[in-house]
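So the structure is just underneath, and the comments pick up after that.
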Amino acid sequence: MSAGLFHAQGVALVADYLKIAVSEIASISERRIDRLTDARVSELPAVLSENPGLESGYMLAQYTAAALVSENKVLCHPASVDSIPTGSGMEDHVSMAPIAARHLRQVVDNAARVVALELLCGCRALEFRRPLTAGQGSERLYQAVRRMAAAPEGDRPLSGPCETVARWTLSRAPVRLAEEVLAS
């Protein structure tokens, strides 16, 4: 007998669809990282390193992005297709919305890290093209990223800069930056 309790199937479905969409953003971003770090495609130094072969440059950025994208694929299995009755059959169809939402949160966090790695790689690629400059929006984005994460000097861990830029990507700051550029 229905007691009119809230059934979160709609929430579960939306969370499942959203995590697939966000996962695709990360997947596309990882492909751009791969192209930036592949000297055969980018015509930049291999792995965006001053000393390819001696330094790993941004090689691990691509490895990390690939791993996060792969993890997202697993997390994108739709939780809403699974239902296990609970409450001695009182809840005969359970939406699994909390699982969908928890996986969505992880997919968003993973995607933010992948986008952060792409931003770091893009900044490095731009530095190899100096004195040429990019468009106004790209240059403003470059400056914003470099205020958070300085240009590398030799090999260094990317985890700190990645986490800093990932937090920034999840804030309102990129939207504000885009609005400023579009208004000017």
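Since every read-out is calculated from the coordinates, none of them should be taken as a lab result. Predicted, not measured: the structure shown is a model, and the values here were computed from it. Note that we place each Cβ from the backbone using ideal geometry, even for glycine, and neighbour counts take in every protein chain shown.
Nearest 20 debye, what's the magnitude of the dipole of segment 9-183 about its Cα centre given +1 on Lys and Arg Cβ and -1 on Asp and Glu Cβ? Write down the numbers at each step before the final one.
Numbers: 19 positive and 21 negative charges, 92 e Å.
Here the size comes out at about 440 debye.
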> Full extension from Ser70 to Arg140: what is 0.36 nm times the residue separation minus their Cα-Cα distance, to one decimal in nm?
Replying inline: 22.1 nm
> Against the longest principal axis of the chain, how steep is helix 136-148, in degrees 0 to 90 to the nearest 10, with axes from Cα atoms?
Replying inline: 80 degrees
> What residue among Leu120, Leu60, Pro131 has its Cα farthest toward the positive end of the dipole of segment 9-183, where the charges are +1 on Lys, Arg and -1 on Asp, Glu, each on the Cβ?
Replying inline: Pro131
>> Take Ser42 and Val14, extend 7 Å from each Cα along the Cα→Cβ direction, and tell me the distance between the two endpoints in nm.
In response: 3.9 nm
> Can you give the FRET efficiency for Arg105 and Tyr63, using 1/(1 + (r/R0)^6), R0 = 35 Å, r = Cβ-Cβ distance, to the nearest 0.05?
Replying inline: 0.90
